[in-house]
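**Student:** Below is a structure I'd like to ask you about.
The values are calculated or read from the model by the stated rules, or taken from the named source; none is laboratory data. Since this is a predicted model, take the numbers as computed values, not measurements. Cβ placement follows ideal geometry from the backbone for every residue including glycine, while neighbour counts extend to all protein chains displayed.
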Amino acid sequence: MSIESSDDKPVRDQVACDVCGSMIGRLQGYQLTTLQVVRSPRFWRDYYERHKGEFVAMGIASYDDLRRSPKQAEVAQTIAGDETPWRVCEQCIELFDVDRERAEIQFFVKGPQC
Ligand SMILES: [Zn+2]
């Protein structure tokens, strides 16, 4: 399915998932606020696994250690300070406790694109 843009601005057909980096169609996937992201425990578990090498180097040897560490708040603050919404693919939406229907991208593409 291809959707033509009515204006002259170039439109990227795909964007990268902010969690795993896989490409998703512009009209696919989900959009989450950074607050929804940092409030999801499963996201943190996944985040730990993805950055395990860095955390272990900091002396944070497990996900439980991360939860007890001030580092989590620090990372959460960095993530929440990023004002751009998260684009999340079909697989990664499982990590978040959100209402999938409300997070569906269709709700957002109706508005003006920045
Ligand atoms: Zn993903």
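Here's the yes/no breakdown for (1) within 16 Å of the ligand (Cβ to nearest atom); (2) modelled with pLDDT under 90:
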| residue | (1), (2) |
| --- | --- |
| Ser5 | no, yes |
| Val11 | no, yes |
| Cys20 | yes, no |
| Arg26 | yes, yes |
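**Student:** Does Glu104 meet the test of being out of contact with any helix residue (DSSP H, G or I) (no Cβ under 8 Å at 6 or more places or on another chain) and at pLDDT 90 or above?
**Tutor:** Here the answer is no, as Glu104 does not meet what is asked.
**Student:** Hey, does the range 55-77 have a residue that's more than 14 Å from the ligand (Cβ to nearest atom) and under 10 Å from the mean Cα position of the chain (by Cα)?
**Tutor:** no
**Student:** Step by step: first the residues of the range 84-98, then only those that are closer than 13 Å to Asp18 by Cα and surrounded by fewer than 16 Cβ atoms within 10 Å (Cβ to Cβ), then the one that is nearest to the ligand (Cβ to nearest atom). Which residue is that?
**Tutor:** Looking at the filtered set, the residue picked out is Gln91.
**Student:** Restricted to the range 71-83, and to residues that are part of a helix (DSSP H, G or I) and of a type outside the set (Val, Ile, Thr), which residue is surrounded by the most Cβ atoms within 10 Å (Cβ to Cβ)?
**Tutor:** Only one residue tops the list, namely Gln72.
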